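Report on the structure given below.
The values are calculated or read from the model by the stated rules, or taken from the named source; none is laboratory data. Just so it is clear, the structure is predicted and the values come from calculations on it, not from any experiment. In this analysis, Cβ positions are derived from the backbone assuming ideal geometry, glycine residues included, and neighbour counts consider all displayed protein chains. These area figures cover heavy atoms from the full protein model, side chains too; ligands, DNA and RNA do not enter into them. Shrake-Rupley method; radii C 1.70, N 1.55, O 1.52, S 1.80 Å.
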Amino acid sequence: MAHARRLTRRGLLTGAAAGAAALALGGCGGRRRVTGRIVGPSEARGHLVRDGVPPAAAPATDAAEVVVVGGGVAGLSAAWRLLGGGVADVRLLELEDALGGTAASTVVGGLPCPWGAHYVPRPTSEQRALCRLLREAGVVSGFDAAGRAVADEGALCRAPHERVFAEGAWHEGLFPRDLATADDVAQWARFEAEVASLAARRDAAGRRAFAIPTSASARDDDLLALDRMSMAAWMASRGYTARLVRWEVDYACRDDYGATPDLVSAWAGLHYFAARVAAPGDEAAPFLTWPEGNGRLVAHLARALGGRARTGAVVTSLEPGADRVVVHWRDA
């Protein structure tokens, strides 16, 4: 086994940037220019709320049974669920000029591409709302004997899709085995065995220990206790000290929760690994993805809304009342 220098997130990003620069500058045609831009929220519109700027003019009074504020995936999904549940009088207000939030997409040179979120793990039949959405979108057609969704082959990503750049080279997968020590490999095997055991676990009601959505997870006392300790503390209590094992868990926590293992609960950290395994012995679910990423699902949700969504709508305040909520918003 090769012994590697300390592997850090900064080192990986630096290496990836260097690799990208070499690719951009060292092609057959000589020096090339790579152009692009970074997108994000409309700060100027958000500052209207921060600064208490009133609407430009008194808008006409309108009413709806439900107003959804925000047109990212959460808002779009909420409106979609309401419509599916028989609540037809729904309006959605979104700050940006396009729906989707972090799952928005665009077209560059005639080719669709994602700005952010670009996949969902292939679901199981237990994930009823997501499966219904994917059925509507023509992605899922049924389930196999283990309850795994039977998905459109064109949307499945089966080839190796994650690599780590370290020690001057690319390594397949997020756990670079060719850089691992014997201790790394042994502890990672033990960690995977624990995850498999948790993935197979069911409570007295038949619920998975860790499920998607999280509300469908088991409520056993020992599982709930995991939410009162950090993932870092759990790792230490189980004797996981190997460098690459700790790096892998650190990456997972940063990737899904935007925080390090000392700030992520052990319940959340283990959910990341165990909830994506459909059945004992399975590998983590393959991904469903499209050229425009999750923008494909955003487009489907937007079509379901019909004309009920309004973009460029800066919501400045919400005033709860006895029998209604008044939503003040500014047309950007």
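Considering only residues that are assigned to a helix (DSSP H, G or I), in contact (Cβ under 8 Å) with a residue 12 or more places away in the chain and not small (G, A, S), which ones fall in the range 293-308?
R296, L297, V298, H300, L301, L305
Which numbered condition in (1) open to solvent by 30 Å² or more (accessible area, probe 1.4 Å); (2) at pLDDT below 95 is the only one that A299 fails?
With (1) open to solvent by 30 Å² or more (accessible area, probe 1.4 Å); (2) at pLDDT below 95 applied to A299, the lone miss is (2).
Would you point out which residue out of G138, G101, G142 is within 30 Å of V326 (Cβ to Cβ) and either more than 18 Å from the chain's Cα centre (by Cα) or crowded, with 16+ Cβ neighbours inside 10 Å (or both)?
On the way: G138 fails: within 30 Å of V326 (Cβ to Cβ); G142 fails: within 30 Å of V326 (Cβ to Cβ).
Criteria check complete, one pass: G101.
Could you please find all residues in the range 220-257 being open to solvent by 70 Å² or more (accessible area, probe 1.4 Å), outside any helix (DSSP H, G or I) and over 22 Å from R201 (Cα atoms)?
T241
Considering only the range 190-219, how many residues are small (G, A, S), under 14 Å from F273 (Cβ atoms) and part of a helix (DSSP H, G or I)?
So in the range 190-219, the residues small (G, A, S) come out as 193, 196-197, 199-200, 204-206, 209, 211, 215-218.
Applying the additional criterion that residues be under 14 Å from F273 (Cβ atoms) yields 193, 196-197, 199-200, 209, 211, 217.
Now narrow it down to the ones that are part of a helix (DSSP H, G or I): 193, 196-197, 199-200.
Matching residues across the range 190-219 total 5.
Could you list, in sequence order, all residues of the range 145-176 that are assigned to a strand (DSSP E or B) and either touching an Asp or Glu at 6+ places or on another chain (Cβ under 7 Å) or open to solvent by less than 80 Å² (accessible area, probe 1.4 Å) (or both)?
R148, A149, V150, A151, L156, C157, R163, V164, F165, A166, A169, H171
Looking only at the range 121-135, which residues are of a type outside the set (S, T, Y) and either open to solvent by less than 80 Å² (accessible area, probe 1.4 Å) or not in a helix (DSSP H, G or I) (or both)? Before you say what the answer is, go through the steps one by one.
Here is the first cut: in the range 121-135, the residues of a type outside the set (S, T, Y) are 121-123, 126-135.
If the condition is that a residue be of a type outside the set (S, T, Y) and either open to solvent by less than 80 Å² (accessible area, probe 1.4 Å) or not in a helix (DSSP H, G or I) (or both), then P121, R122, P123, E126, Q127, A129, L130, C131, L133, L134 are the ones that fit.
Identify, please: which residue in the range 51-64 is at pLDDT 85 or above and not small (G, A, S) and is, among those, surrounded by the fewest Cβ atoms within 10 Å (Cβ to Cβ)? Full working, then the answer.
Let us first name the residues in the range 51-64 that are at pLDDT 85 or above, namely 51, 62-64.
Retained after the next criterion (residues that are not small (G, A, S)): 51, 62.
Values: D51: 8, D62: 10.
Only one residue tops the list, namely D51.
What single numbered condition from (1) among the hydrophobic types (A, V, I, L, M, F, W, C); (2) modelled with pLDDT of 95 or more; (3) in contact with a strand residue (DSSP E or B) (Cβ under 8 Å, 6 or more places away or on another chain); (4) within 27 Å of T289 (Cα to Cα) fails to hold for V67?
For V67, the exception is condition (4).
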